[in-house]
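Rule-based calculations on the coordinates, nothing more; no lab input. Given the structure is predicted, the values throughout are model-derived calculations rather than measurements. Here the Cβ positions follow ideal geometry from the backbone for every residue, glycine too, while neighbour counts run over all protein chains shown.
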Amino acid sequence: MDISKRLISLRKQCGYTQNGLAERAGVSQTHLRRVELGQADITVGHLQLLCDAMSISLKDFFEEKSETDEISSAFSNLSPKQQKLLLAFLEDLGNKD
C-alpha cells in the first residue's frame, strides 16, 4: 500500500486541505506535505493523530475497499424493489449498445 496516496485520498474525501488536516491533528503541515509527497516517513503515532482528525480508525486507513466492494455494499443497502429497478435499468443500459 502506498501510504502517501492513501493519505491524500482520505484527506480529500474528508474535505480537508493539508493545512486544515495538519492543524486539526496537531502535526506540522510541512511534515504532512513531505509525507504526502513521499519525501518523509510517518510514525504510527502521527498516523493515528491524522486518522483521529479524519474520524477514521487505523484499521480503516489500511483497509482499502475496491470499487466492487463499494458497489456491492451500496446494492445491499437498497430495498428489494430498488434492487430490481436498478438491475432492470442496468440491463436496459447494456442493451443500448
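For segment 44-97, the candidate set comprises residues that are part of a helix (DSSP H, G or I), of a type in the set (A, V, I, L, M) and in contact with a Leu (Cβ under 8 Å, 6 or more places away or on another chain); within that set, the residue that is surrounded by the most Cβ atoms within 10 Å (Cβ to Cβ) is Leu50.
For segment 1-36, residues that are assigned to a helix (DSSP H, G or I), of a type in the set (Val, Ile, Thr) and either surrounded by 15 or more Cβ atoms within 10 Å (Cβ to Cβ) or within 17 Å of the chain's Cα centre (by Cα) (or both) total 3.
Going through (1) in a loop (DSSP other than H, G, I, E, B); (2) in contact with a helix residue (DSSP H, G or I) (Cβ under 7 Å, 6 or more places away or on another chain) one by one, Gln39 falls short only on (2).
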